[in-house]
Ligand SMILES: [Zn+2]
């Protein structure tokens with residue numbers, strides 16, 4: 001008898017494999033990131049193909065194989081139709097998934113990360129604009145979940161409590177430096193950006209996208225998160 005296991009998974013990407021098959025990379029709640037072979041998916045009549053489209057949330061029955069595990073059956077739970085039918089959303093999701101795939105190691109299950117990715121797709125699916133902001137909130141939360149949590153409350157130099165005057169964000173040391181330490185290195189950071197980063201650590205994406213952010217703070221925070229991402233990984 002074949003050994004099988006069930007997965008609730010988000011399809012990250014799919015590429016051709018052998019003649020009629022595909023190789024599907026998924027992030028599952030049960031087993032984290034893994035690679036499955038989907039047989040015959042390139043055939044027009046394949047029943048599996050539609051359910052294994054990238055950016056779908058799919059219930060998969062996997063079959064253990066000698067060389068590769070296979071997707072034996074798949075039923076999509078949510079195909080995030082609004083993302084797939086909007087080029088701007090699709091571009092945003094493509095960028096987020098690419099970073100996600102790069103940061104996540106295979107075979108490590110983490111329910112919080114699964115939920116974050118699922119939340120991201122759900123929010124993007126219904127959101128009308130502001131996809132950039134959603135993306136950097138997602139990337140920031142992902143970094144925090146992976147252990148790259150910046151220090152936002154105490155000075156990374158002296159350990160003192162952070163007060164707004166003269167504070168800076170030190171990318172190399174991963175957190176704020178207080179005004180008293182008079183750091184020469186580090187990015188100047190506004191009080192609003194710090195508040196936003198603190199909220200981003202704590203709140204869900206659904207809650208975060210409701211915050212009214214002025215253009216200046218949006219630009220500043222986006223740059224800090226991008227720099228922090230490049231410095232952390
Ligand atoms: Zn200090």
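Just checking, which of 138, 169, 228 is within 30 Å of residue 8 (Cα to Cα) and either touching a residue at least 60 places away in the same chain (Cβ under 8 Å) or not in a helix (DSSP H, G or I) (or both)?
It is 138.
Do we find that residue 160 is surrounded by fewer than 18 Cβ atoms within 10 Å (Cβ to Cβ), more than 26 Å from residue 207 (Cβ to Cβ) and in contact with a helix residue (DSSP H, G or I) (Cβ under 6 Å, 6 or more places away or on another chain) in this structure?
So residue 160 does not fit the description; no.
Just give me the residues in segment 103-120 being touching a strand residue (DSSP E or B) at 6+ places or on another chain (Cβ under 7 Å) and not in a loop (DSSP other than H, G, I, E, B), in sequence order.
Passing the criteria: 106, 114, 117, 118.
Just checking, how many residues over segment 15-49 are farther than 13 Å from residue 70 by Cα and in a strand (DSSP E or B)?
6
Give the residue that is farthest from the ligand (Cβ to nearest atom), with candidates limited to residues of segment 161-188 that are at positive phi and modelled with pLDDT under 90.
Per the criteria, the residue is 186.
Does segment 17-49 hold any residues that are out of contact with any strand residue (DSSP E or B) (no Cβ under 6 Å at 6 or more places or on another chain) and more than 29 Å from residue 112 (Cβ to Cβ), and which are they?
Result: 18, 19, 20, 40, 42, 43, 44, 45, 46, 47, 49.
In the same structural domain as residue 195 (by TED's automatic domain parsing) and touching a residue at least 60 places away in the same chain (Cβ under 8 Å) - does that describe any residue in segment 145-152?
Taking every residue of segment 145-152 in turn, at least one turns out to be in the same structural domain as residue 195 (by TED's automatic domain parsing) and touching a residue at least 60 places away in the same chain (Cβ under 8 Å).
So which residues in segment 68-83 are in a helix (DSSP H, G or I) and buried (at least 16 other Cβ atoms within 10 Å of the Cβ)?
Selection gives 83 alone.
Scanning segment 172-187 for residues that are in contact with a helix residue (DSSP H, G or I) (Cβ under 9 Å, 6 or more places away or on another chain) and not in a loop (DSSP other than H, G, I, E, B), which turns out surrounded by the most Cβ atoms within 10 Å (Cβ to Cβ)?
176
So for segment 137-151 (the condition being surrounded by 15 or more Cβ atoms within 10 Å (Cβ to Cβ) and within 16 Å of the ligand (Cβ to nearest atom)), does at least one residue qualify?
yes
The values are calculated or read from the model by the stated rules, or taken from the named source; none is laboratory data. If you're wondering where the values come from, they're calculated on a predicted model, not measured in any experiment. Neighbour counts run over all protein chains shown; Cβ positions are idealised from the backbone, glycine included.
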